[in-house]
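Trainee: Mind looking over this structure? Questions follow.
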Ligand code: AMP
């Protein structure tokens with residue numbers, strides 16, 4: 001079984017082709033700067049003998065149609081498929097599924113119209129997903145296509161966790177509530193953690209920390225998401241690369257009155273100019289750590305703020321859950337920044353959380369335990385794989401559809 005996973009954004013398309021017999025990646029790549037003067041298209045694939053080949057091309061790709069045409073031709077030329085009908089299914093990443101999608105959905109006109117209707121709740125992501133999906137359906141009409149939503153895993157949140165304390169009519173009229181994001185990643189690492197700990201996922205209580213350029217925390221009770229740090233949009237919660245995360249909403253009125261900032265300017269400031277970058281000028285945790293070590297005070301401040309916010313969420317979700325079986329670190333920062341893991345869990349022994357500094361310092365791309373033997377809560381590092389999870393959910397969906 002071959003499943004292609006597409007992550008179409010407004011100016012890029014990322015793709016991965018999986019052999020589902022062994023979850024092997026047969027090919028992967030990205031087409032970037034779509035619609036600009038010069039675009040970049042890349043493919044990496046395995047030759048039948050097993051050695052890896054790469055191709056990169058600077059070319060002109062003016063829209064998603066041209067991007068997917070380049071990708072299909074590259075996949076065919078590389079020999080991983082003969083034609084698009086070789087694909088058993090295509091899985092599409094969709095960030096915002098609102099309240100409409102609690103699980104993946106077979107792509108049809110209705111599903112596409114719902115994704116379009118949800119654009120106001122996912123203005124940065126859903127338009128690109130939809131553009132890619134429409135082209136993909138047009139180019140591969142015989143291949144079943146499935147939409148997998150970042151929000152779906154959080155559809156189990158109770159109402160007292162997803163409601164905002166603003167007039168109820170805004171929930172009724174505009175569906176303003178917490179949706180949560182990164183659900184595919186939180187679900188994937190929860191499943192892997194349950195398997196690794198040899199515990200039934202339906203009994204597993206966990207706090208999963210997806211720490212990348214975007215970052216979020218989820219409280220998982222009996223295998224289900226019961227609270228998560230991102231909200232109506234991915235702006236809420238942790239301090240991120242360029243997003244502020246939690247803040248007093250009155251700051252916005254103050255800035256608008258004092259500096260005359262418009263809504264669009266405030267939106268850009270909070271999403272693109274804040275977070276780690278807003279404090280110290282860099283959104284790259286590697287650079288921030290290096291700068292802090294060299295005595296840069298702002299980098300140190302950004303680093304301390306990031307860890308402090310993270311610790312507050314670990315503490316509050318520990319309280320929400322009562323019993324925590326494991327904490328999982330994942331994402332570029334969670335998987336690699338051992339000092340962040342150590343700092344954010346410092347002095348949490350009373351919560352049953354104790355990291356072993358030696359285990360924590362091991363560099364590896366494998367799943368591993370970093371908590372001390374006498375830590376009540378297991379602390380794990382689990383590399384995430386959102387593309388594989390989308391492929392797995394796509395496969396489950398088409399099998400359900402055919403049965
Ligand atoms: P992601 O969005 O999951 O790709 O993660 C990107 C973030 O991971 C950036 O802030 C990177 O600086 C950070 N990152 C990647 N590798 C490392 C590393 N070895 N040490 C610290 N941070 C890292």
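Trainee: Among 209, 26, 348, determine the one that fluctuates most according to a GNM of the chain built with springs between C-alpha atoms less than 10 Å apart.
Mentor: Ranking 209, 26, 348 by mean-square fluctuation puts 348 first.
Trainee: Shifting gears a bit: Neighbour counts of other C-beta atoms within 10 Å: give me 388, 75 arranged from fewest to most.
Mentor: Ranked by crowding around the Cβ, least crowded first: 388, 75.
Trainee: For the residues 297, 221, what sequence is obtained by ranking on other C-beta atoms within 10 Å, fewest first?
Mentor: So the ranking, lowest neighbour count to highest, is 297, 221.
Trainee: What is the Cα centroid distance between region 24-71 and region 91-125, reported in whole angstrom?
Mentor: Their Cα centres are 25 Å away from one another.
Trainee: What are the semi-axes of the equivalent ellipsoid of region 85-220, taken as the square roots of 5 times the eigenvalues of the Cα gyration tensor, listed largest first and rounded to whole Å?
Mentor: Over the Cα atoms of region 85-220, the ellipsoid semi-axes are 27, 23, 12 Å.
Trainee: If you don't mind, another one. On a 0 to 90° scale, report how tilted helix 263-272 is relative to the longest principal axis of the chain, with both axes built from alpha carbons and the result rounded to the nearest 10.
Mentor: Compared with the principal axis, the helix lies near 90 degrees.
Trainee: Also: Subtract the Cα-Cα distance of residue 251 and residue 350 from 0.36 nm times their separation in residues, and report this length gain in nm to one decimal.
Mentor: 32.2 nm
Trainee: Debye calculation, C-alpha points only, no solvent: report log10 I(q)/I(0) for region 1-129 at q = 0.10, 0.12, 0.18, 0.23 Å⁻¹, in the same order as the q values.
Mentor: Normalising to I(0) and taking log10 leaves -0.35, -0.50, -1.03, -1.34.
Trainee: Additional query: Sort 1, 397, 40 so that the residue with the fewest other Cβ atoms within 10 Å of its own Cβ comes first and the one with the most comes last.
Mentor: 1, 40, 397
Trainee: Please compute the modelled spin-label separation between residue 308 and residue 191, points set 7 Å along Cα→Cβ, answer in nm with one decimal.
Mentor: 3.9 nm
Trainee: Which one, 23, 350, 126, has the greatest fluctuation when you compute a Gaussian network model over the chain with C-alpha springs under 10 angstrom?
Mentor: Between 23, 350, 126, it is 350 that shows the largest mean-square fluctuation.
Trainee: Could you state the principal axis extents of the C-alpha atoms in the chain, from the largest down, to the nearest angstrom?
Mentor: Extents along the principal axes, in whole Å: 58, 54, 47.
Trainee: I've got another one for you. Where does region 141-247 land on the Kirkwood hydrodynamic radius, alpha-carbon pairs, in angstrom?
Mentor: For region 141-247, the Kirkwood estimate is 14.8 Å.
Trainee: At what distance in angstrom do the alpha carbon centres of region 329-403 and region 206-263 lie from each other?
Mentor: Answer, in whole Å: 21.
Trainee: Moving to a separate point now. What residue among 151, 369, 262 shows peak mean-square fluctuation when the chain is described by a Gaussian network model with Cα springs under 10 Å?
Mentor: Per the Cα network of the chain with a 10 Å cutoff, 262 tops the list.
Trainee: Compute log10 of I(q)/I(0) for region 347-403 with the Debye formula, placing one identical point scatterer on every Cα and leaving out solvent, at q = 0.14, 0.15, 0.17, 0.28 Å⁻¹, to two decimals.
Mentor: Results for region 347-403 at q = 0.14, 0.15, 0.17, 0.28 Å⁻¹ read -0.57, -0.60, -0.66, -1.05.
Trainee: On a 0 to 90 degree scale, rounded to 10, what angle separates helix 297-321 from the longest Cα axis of the chain?
Mentor: 90 degrees
Trainee: Assign one of three labels to region 290-403, namely rounded, prolate or oblate, based on the Cα gyration tensor with a ≥ b ≥ c the square roots of its eigenvalues; rounded applies when a/c is under 1.5, prolate when it is not and a/b is larger than b/c, and oblate otherwise.
Mentor: The shape class here is prolate.
Trainee: Need one number: nm distance between label points at residue 165 and residue 56, each 7 Å from Cα along Cα→Cβ, rounded to one decimal.
Mentor: In this crude label model, residue 165 to residue 56 measures out at 5.2 nm.
Trainee: Pull out the extension gain between residue 222 and residue 320, defined as 0.36 nm times the separation in residues minus the alpha carbon to alpha carbon distance; nm, one decimal.
Mentor: Between residue 222 and residue 320, full extension yields an extra 34.0 nm.
Any read-out appearing in this document is the output of simple, stated calculations on the displayed coordinates, not a laboratory observation. A quick note: this is a predicted structure, and the numbers were derived from the prediction, not measured. So basically every Cβ, Gly included, is an ideal-geometry build from the backbone, and we count neighbours across all protein chains shown.
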